[in-house]
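J.: I'd like to ask some things about the structure below.
The values are calculated or read from the model by the stated rules, or taken from the named source; none is laboratory data. Values in this document were obtained by computation on a predicted structure and should not be read as measured data. Note that we place each Cβ from the backbone using ideal geometry, even for glycine, and neighbour counts take in every protein chain shown. The area values use the complete protein model at the heavy-atom level, side chains included, leaving out ligands, DNA and RNA. Shrake-Rupley method; radii C 1.70, N 1.55, O 1.52, S 1.80 Å.
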Amino acid sequence: MDTLESGTLTVPGARLYFEVRGTGPLLLLIPGGASDAEVFRELADALADRHRVVRYDPRGISRSTLDAPPPEPWLATQADDAARLLGHLAPGGEPVRVFGSCAGGLTALELLLRDPRRIRRAVVHEPPAMGLLPDAAEHVAFFDEVYATFRRDGVPAAMDRLCALFGGRAAPDLPEAADNSAFFLSHVMRPSARCVPDVTALAALADRVVTAGGRDSRTHAVHRPVAHLARQLGREVAEFPGGHSGYAKYPAAFAAQLDALLADAAPPRG
């Protein structure tokens, strides 16, 4: 396996920590929620013989330190950071593939919309785009309640309230370089849940989008947005092993399926 490369990229208001391993077409892995690059370590290892795999900590998460308060809007900032990272690691503008988990899936879709000539395929795994749903107002109220719980009772109580998204079960423990729960609750949870992807624009690029979800999370609230998005785009939901974070629990099987979905990526349009 190729030696791991790591570094830090200075972007407006932050410094992004990233790691690169492998050879082949560039594949950017975008974590969501409170997760950082560590959540994809075993997945990246399983993909590195066929891809140049990039994983990173989003700004404010773990080793990606802030030089200024988190800017708004949240999604535009996340997409800017990811685009700058791609420009730094592949300055020639080579086509890339992107996998985004949870809130990272929203960033992946935004990257595709911004630069469809460059993003050859975007695999989005259960993005929390609750704004797409008919009962979006109820979900907005739920996340506001979780935030109020966080401010009043602290992180553990708020994270317990989030169990409702995962069928009432606690979110699984994930490998992380640091505990980012407070930052997630303060700066990621509500803005990501309020994001509404531009379905009309995405429909013109539907052949580049893979809507995906966990086999074990099909009945969970966190799965509903990707199922709704798939219907709107005329796509099927690609089922991956495990639940919302199956890439961490079943990295080898997850990598095999992801690799198959990336293998037939459409060429850039003229």
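J.: Determine the shape class of the range 162-212: with a ≥ b ≥ c the square roots of the Cα gyration tensor eigenvalues, call it rounded for a/c under 1.5, and otherwise prolate if a/b is greater than b/c, oblate otherwise.
T.: The shape class here is prolate.
J.: What is the spread of the Cα atoms of the range 95-171 along each of their three principal axes, largest first, in whole Å?
T.: 46, 25, 23
J.: In the range 1-95, what percentage of the DSSP-assigned beta bridges are antiparallel, given to the nearest 5?
T.: 75 percent
J.: Quick check on the chain: of the DSSP beta bridges with both residues there, what percent are antiparallel, nearest 5%? All intermediate terms of the calculation are to be shown ahead of the outcome.
T.: Working: 12 of 34 bridges.
Beta bridges within the chain, antiparallel portion: roughly 35 percent.
J.: For the range 29-54, list residues with backbone N below 13 Å from a point placed 7 Å from the Cα of Ala252 toward its Cβ?
T.: The answer is 43, 46-47.
J.: Still on this structure, please answer the following. Under 10 Å from the Cβ of Leu174, count the other residues' Cβ atoms, weight Lys and Arg +1, Asp and Glu -1, and hand me the total.
T.: Value of the local net charge: -3.
J.: Suppose only helical runs count, i.e. DSSP H with n ≥ 4. What mean residue ellipticity at 222 nm does that imply for the chain under -39500 (n - 2.57) per run, divided by all residues and rounded to the nearest 500 deg cm²/dmol?
T.: Helices in the chain give a 222 nm mean residue ellipticity of -10500 deg cm²/dmol.
J.: Quick one: how many Å² of Cys102 are accessible to a 1.4 Å probe, rounded to 10?
T.: In the full protein context, Cys102 sits at about 30 Å².
J.: Once you keep just the Cα pairs under 8 angstrom separated by 6 or more residues, what percentage relative contact order results for the chain?
T.: That works out to 20 percent.
J.: Kirkwood hydrodynamic radius, computed over distinct alpha-carbon pairs, for the range 154-270: how many Å, to one decimal? Before the final figure, lay out each step's value.
T.: On the way: mean 1/r = 0.0618 Å⁻¹.
This gives a value of 16.2 Å.
J.: So, one more: Largest first, what is the accessible-area ranking of Tyr247, Tyr147 with a 1.4 Å probe? Before the final figure, lay out each step's value.
T.: Details: Tyr247 10, Tyr147 50 Å².
The ordering from most to least exposed comes out as Tyr147, Tyr247.
J.: Now for a different question. In terms of the Cα gyration tensor, with a ≥ b ≥ c the square roots of its eigenvalues, is the range 88-246 rounded because a/c is under 1.5, prolate because a/b exceeds b/c, or oblate?
T.: Details: a/c = 1.78, a/b = 1.52, b/c = 1.17.
Note, shape of the range 88-246 comes out prolate.
J.: Computed on alpha carbon atoms, what radius of gyration and Dmax characterise the range 1-134, expressed in Å?
T.: Radius of gyration, then largest Cα-Cα span, for the range 1-134: 13.9, 47 Å.
J.: Cβ neighbours within 10 Å, averaged per peptide: list 5-12, 120-127, 83-90 in order, most packed at the top.
T.: By packing density, highest mean first, the sequence is 120-127, 83-90, 5-12.
J.: Can you give the alpha-carbon Rg of the chain over 2.2 N^0.38 Å, where N counts its residues?
T.: 0.93
J.: Let me ask something additional. Within the set of other residues whose C-beta is less than 14 Å from the C-beta of Pro58, count the net charge using Lys and Arg as +1 and Asp and Glu as -1.
T.: In short, -3.
J.: At 7 Å along Cα-to-Cβ for each site, give me the label-to-label distance between Asp67 and Asp160 in nm.
T.: Spacing of the two 7 Å Cα→Cβ label points: 4.1 nm.
J.: Convex hull over the alpha-carbon atoms of the range 2-60: what's its volume per residue in Å³? Walk me through the intermediate numbers first.
T.: Details: hull volume 4.3 nm³, N = 59.
Considering the Cα atoms of the range 2-60, their hull volume per residue is 73 Å³.
J.: Largest first, how would Asp115, Asp173, Asp179 line up by accessible area (1.4 Å probe)?
T.: Descending order: Asp173, Asp179, Asp115.
J.: Heavy atoms only, probe 1.4 Å: what % of the accessible area of the chain goes to carbon and sulfur, would you let me know? Mind showing how you got there, number by number?
T.: Working: 5750 of 11080 Å².
Whole-percent figure for carbon plus sulfur exposure: 52.
J.: Still on this model: Please tell me the relative contact order of the range 163-270 in percent, rounded to the nearest whole number, where contacts are Cα pairs under 8 Å and at least six residues apart.
T.: 26 percent
J.: Just for the range 20-147, what percent of DSSP beta bridges are antiparallel, to the closest 5?
T.: Values: 2 of 16 bridges.
Beta bridges within the range 20-147, antiparallel portion: roughly 10 percent.
J.: Next question. What is the extension gain from Ala204 to Asp259, computed as 0.36 nm multiplied by their sequence separation minus the C-alpha to C-alpha distance, in nm to one decimal? Can you show the working numbers first?
T.: On the way: separation 55, 0.36 × 55 = 19.80 nm, distance 2.38 nm.
The Ala204-Asp259 span can extend by a further 17.4 nm.
J.: I'd like the FRET efficiency for Arg151 and Asp49, computed as 1/(1 + (r/R0)^6) with the beta carbon distance as r and R0 of 41 Å, rounded to 0.05.
T.: Working: r = 46 Å, r/R0 = 1.13.
The calculated FRET efficiency here is 0.35.
J.: Sticking with this one: Find how many whole Å separate the alpha carbon centroid of the range 149-163 from the alpha carbon centroid of the range 191-226.
T.: So the two Cα centres are separated by 26 Å.
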